[in-house]
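In what follows, a structure is listed as structure tokens, so that the remarks can point back to it.
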Amino acid sequence: MAQPEVSDFAQAVIERMADCKDPRFHQIMSSLVRHAHAFMREVDLTPAEWMAGIEFLTATGKKCDEKRQEFILLSDTLGLSMLVVALDQARGAKALAGAPGDKPTEATVQGPFFWPGAPQLELGADIGEGHPGEPTYYHGRVTDTAGRPIAGCELDVWSGDADGLYDMQKGDAMSLRAQFRTDEHGNYRFWSIRPTFYPVPGDGPVGRMLDKMGRHLNRPGHMHMMLNAPGHERLVTHIFVKDSPYLDSDAVFGVRNSLVVEFPQHAPGRAPDGRHMNKPYYTAQFDLRLVPSAA
Ligand code: BEZ
Ligand code: FE
């Protein structure tokens, strides 16, 4: 009987898939097997190391529940989530190639703290009221890549508080998140706080892995945004606070230079929306461009 050797166990597994009916699944599994075998040969993995890896993946699964997704955190911290986001945008860019217009807004990781069903508020509402943090007026315009305004675009926004904690990490009440709709000119505006840097959850196996890798857990300050408009691709992105610590070493590799925004500070007085501020406040202006779905 032919017997596979160290160099061809992968080929033996791939040949065993001869009856696989799904060509894409066949392609993905063949490549996964080839690369996994190559990795083990490259590092000459020992049985004890392989068992440590299996125990790590078991602990990662055990840490997951409805509120905690340790596997996504693993994917985020190994740069895999960001790679999938970037591949998806590159695919969209290829479809748009040659079309006139501007580049779409860059996407970044969604992270684990999106909570569907946030309160739907009027433009200009203050979702930071009553929460510690520096008041910030966010505003901008949503257009397509040809510069046409997108009216009625759903804009979900969410961020952590001044201590870097999201509502879901504190309990069952939503805070510092809302859904808005752009006006007839594609404009949006709302008040919240200026987000601070914060650590990704570090009390599980992924935290221990990062520690052993000699890495920190922190993400630079950012406001999450998810945009949904009929006829356009969904966009999941952030506005990053320029000058925030960790912009150069985001624990999940999510920073794109085009998403880093100035947050100028203003003295107390009349804000751009006419509101009278009796303490210093910040503004953040960011326009977003969506890709038409046909692309
Ligand atoms: C976040 O930005 O909310 C996040 C992203 C990835 C992992 C953990 C948190
Ligand atoms: Fe976040």
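The values are calculated or read from the model by the stated rules, or taken from the named source; none is laboratory data. Remember, predicted model here, so these are calculated numbers, not experimental data. Don't worry about glycine lacking a Cβ; one is built from the backbone with ideal geometry, like all the others, and counts go over all protein chains shown. Protein only, heavy atoms only, side chains kept; ligands, DNA and RNA dropped before computing areas. Shrake-Rupley method; radii C 1.70, N 1.55, O 1.52, S 1.80 Å.
Structure data summary
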| quantity | calculated |
| --- | --- |
| Condition met for ILE54 (within 26 Å of PHE253 (Cα to Cα), among the hydrophobic types (A, V, I, L, M, F, W, C) and within 16 Å of ligand 2 (Cβ to nearest atom)) | no |
| Selected residue [more than 16 Å from ligand 2 (Cβ to nearest atom) and either open to solvent by less than 40 Å² (accessible area, probe 1.4 Å) or assigned by TED's automatic domain parsing to the domain that holds THR143 (or both)] from GLY171, GLY254, GLY202, GLY221 | GLY171 |
| Pairs with Cβ under 8 Å, 6+ apart, first in the stretch 1-17 and β-branched (Val, Ile, Thr), second surrounded by fewer than 12 Cβ atoms within 10 Å (Cβ to Cβ) | none |
| Whichever residue in the stretch 257-275 is touching a residue at least 60 places away in the same chain (Cβ under 8 Å) and under 22 Å from THR105 (Cβ atoms) and, among such residues, is least open to solvent (accessible area, probe 1.4 Å) | LEU259 |
| Among residues of the stretch 276-295, those that are more than 30 Å from GLY98 (Cβ to Cβ), in a loop (DSSP other than H, G, I, E, B) and in contact (Cβ under 8 Å) with a residue 60 or more places away in the chain, counted | 2 |
| Helices (runs of 4 or more DSSP H) fully within the stretch 43-139 counting 3 or more residues that are surrounded by fewer than 16 Cβ atoms within 10 Å (Cβ to Cβ) | 47-62, 80-96 |
| Any hit, the stretch 145-152, residues being in contact (Cβ under 8 Å) with a residue 24 or more places away in the chain and in contact with a His (Cβ under 6 Å, 6 or more places away or on another chain) | yes |
| Conditions (1) farther than 29 Å from GLY160 by Cα; (2) within 16 Å of ligand 1 (Cβ to nearest atom): number failed by GLU49 | (2) |
| The stretch 118-135 residues that are within 20 Å of PHE197 (Cα to Cα), paired with ones that are open to solvent by 30 Å² or more (accessible area, probe 1.4 Å) (beta carbon under 6 Å, 6 or more apart) | PRO132/ALA162; GLY133/ALA162; GLU134/ARG194 |
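Rundown of residues vs (1) modelled with pLDDT of 95 or more; (2) part of a loop (DSSP other than H, G, I, E, B); (3) in contact with a Leu (Cβ under 8 Å, 6 or more places away or on another chain); (4) of a type in the set (A, V, I, L, M, F, W, C), yes/no style:
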residue: VAL206; (1), (2), (3), (4): yes, no, yes, yes
residue: MET209; (1), (2), (3), (4): yes, no, yes, yes
residue: ARG215; (1), (2), (3), (4): yes, yes, no, no
residue: MET225; (1), (2), (3), (4): yes, no, yes, yes
residue: ILE239; (1), (2), (3), (4): yes, no, yes, yes
residue: LEU247; (1), (2), (3), (4): yes, yes, no, yes
residue: VAL255; (1), (2), (3), (4): yes, yes, yes, yes
